[in-house]
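Some notes on the structure that comes next.
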Amino acid sequence: QVQLVESGGGLVQAGGSLRLSCAASGRTFYAMGWFRQAPGKEREFVAAISGSVGSTDYADSVKGRFTISRDNAKNTVYLQMNSLKPEDTAVYYCAARGAARLSRLKAEYNYWGQGTQVTVSS
């Protein structure tokens, strides 16, 4: 059974940092990504990392502040979030797909975690 389990969310003040983790089990994944959904808004792309050479992609809103990385030995992907802003407040979801190429599209990810809440206070 495929499982993606996120951890690391919480409450932080603006300007602070958090690191999210997503542990995958059940099969080998290639590209993985992070998405987020704020109340009343669509789920949006945050960052993705490919499965082969580790290429990365970021939404413009987080570029320069967030870093996605992976530890293939642990089948885990991370999202280091620095300089957090109140507008980063959302439920963050980990996603995985059985292809090496990274993607910004929700529809191209086959598996999703349950989400972890990130709240940034001003």
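Observations, loosely collected:
- Any strands (runs of 3 or more DSSP E) falling wholly within segment 71-122 and containing at least 3 residues that are touching a Cys at 6+ places or on another chain (Cβ under 8 Å), open to solvent by less than 60 Å² (accessible area, probe 1.4 Å) and not small (Gly, Ala, Ser): 76-81
- Pair list, Cβ < 6 Å and 6+ apart or interchain, from segment 1-20 residues that are under 19 Å from Ile68 (Cα atoms) to residues that are among the polar types (S, T, N, Q) and assigned to a loop (DSSP other than H, G, I, E, B): Ser17/Asn82
- When Arg43, Arg65 are checked against the criterion of being modelled with pLDDT of 95 or more, within 18 Å of Glu6 (Cβ to Cβ), surrounded by fewer than 20 Cβ atoms within 10 Å (Cβ to Cβ) and out of contact with any Asp or Glu (no Cβ under 6 Å at 6 or more places or on another chain), a single residue qualifies: Arg43.
- Thr56 being among the polar types (S, T, N, Q), on the phi < 0 side of the Ramachandran plot and within 11 Å of the chain's Cα centre (by Cα): no
- Consider segment 1-11 and keep the residues that are polar (S, T, N, Q) and either over 12 Å from the mean Cα position of the chain (by Cα) or loosely packed, with under 12 Cβ neighbours inside 10 Å (or both). The one that is modelled with the highest pLDDT is Gln3.
- Residues considered: Val53, Val46. Of these, the only one that is without any contact (Cβ under 8 Å) to a residue 60 or more places away in the chain and out of contact with any strand residue (DSSP E or B) (no Cβ under 7 Å at 6 or more places or on another chain) is Val53.
- Scanning segment 12-34 for residues that are closer than 19 Å to Asn82 by Cβ and either surrounded by fewer than 16 Cβ atoms within 10 Å (Cβ to Cβ) or among the hydrophobic types (A, V, I, L, M, F, W, C) (or both) turns up Val12, Gln13, Ala14, Gly15, Gly16, Ser17, Leu18, Arg19, Leu20, Cys22, Trp34.
- Of residues in segment 27-56 being of a type in the set (Lys, Arg) and part of a loop (DSSP other than H, G, I, E, B), the one farthest from Thr116 (Cα to Cα): Arg27
The values are calculated or read from the model by the stated rules, or taken from the named source; none is laboratory data. Treat the numbers as computed from the prediction; the structure is a model and nothing was measured. Note that we place each Cβ from the backbone using ideal geometry, even for glycine, and neighbour counts take in every protein chain shown. Note: areas computed on protein heavy atoms with side chains; ligands, DNA, RNA excluded. Shrake-Rupley method; radii C 1.70, N 1.55, O 1.52, S 1.80 Å.
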